[in-house]
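The values are calculated or read from the model by the stated rules, or taken from the named source; none is laboratory data. Here the structure is a predicted model, which means the values were calculated and not measured. Positions of Cβ are generated from backbone atoms using ideal geometry, with glycine treated the same way; all protein chains shown enter the neighbour counts. The area values use the complete protein model at the heavy-atom level, side chains included, leaving out ligands, DNA and RNA. Shrake-Rupley method; radii C 1.70, N 1.55, O 1.52, S 1.80 Å.
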Amino acid sequence: LALALAPAPMHNLLLSSAVAAACRSLEGVQNFRPVRSLPGLFRSASLEQATASDAAFLLDSARVRTIVDLRNDDEIARARATATPVGLSLLAAFDSGAAVGASCIASEGSGVLRRFQVPLLGDVDGLLDEVAARLPTAKRMEAALYRTVDMRRHDRLVYDALSQGKQQLLYTSMIASAPPA
């Protein structure tokens with residue numbers, strides 16, 4: 001999950017219908033869309049699969065200038081292992097603080113591109129272990145058995161418990177598995 005910030009003057013805070021429609025039709029970047037309650041803020045899945053037309057849209061139509069990457073290092077490494085060359089170049093431009101302006105990677109506007117990594121979860125395995133530890137006794141025993149013989153079934157059991165436990169189980173497990181500040 002990434003949040004993308006697009007600075008805009010007050011008169012440009014509302015997306016044009018053309019930009020809003022394009023958000024739904026990016027080729028490689030999944031789930032890119034504006035955050036309704038916060039003009040100029042977009043959310044998406046990873047940008048590693050971006051195509052040339054996706055990059056052009058993100059940089060010059062949506063005018064994304066800052067990325068706040070909420071993934072942990074493991075998730076970023078997995079995404080980069082299957083990245084497109086354009087996706088890697090796009091993220092490298094954000095990581096290196098590439099200039100914005102005429103004859104630059106992003107030709108509209110001024111300033112620099114930036115990416116900040118602020119992982120929502122530093123330890124996904126720790127979170128899943130914490131969820132498993134909070135299961136009712138019978139399910140906890142089942143999870144322990146699956147952990148020794150079939151990690152897929154273990155993970156499915158834990159994910160199902162997490163989805164049934166709603167936000168309370170998620171938040172309690174996130175807090176309990178977080179490293180000390």
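Summary of values
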{"read-out": "In order through the stretch 64-74: 3J(HN,Hα) via Karplus (6.51 cos²θ - 1.76 cosθ + 1.60), integer Hz, x for Gly, Pro", "value": "5, 10, 9, 10, 10, 8, 8, 7, 7, 4, 4"}
{"read-out": "Carbon + sulfur, % of accessible area of the stretch 78-177 - ligands and nucleic acids excluded, 1.4 Å", "value": "56 percent"}
{"read-out": "Interchain or long-range residues, amide H under 5 Å from Arg43's placed H", "value": "Ala4, Arg33, Val35"}
{"read-out": "For the stretch 27-88, accessible area per residue (1.4 Å probe, heavy atoms of protein chains only), Å²", "value": "47 Å²"}
{"read-out": "Pairwise FRET efficiency - Ile175 versus Leu88, Cβ, R0 = 41 Å, nearest 0.05", "value": "0.75"}
{"read-out": "Compactness of the stretch 59-181 as Cα Rg over 2.2 N^0.38 Å, two decimals", "value": "1.46"}
{"read-out": "Neighbour-limited loop hits for GluC sites (Glu not before Pro), the stretch 70-145 (at most 14 other Cβ within 10 Å; DSSP other than H, G, I, E, B)", "value": "Glu108"}
{"read-out": "Probe 1.4 Å, protein heavy atoms only - accessible area per residue of the stretch 90-144 in square angstrom", "value": "55 Å²"}
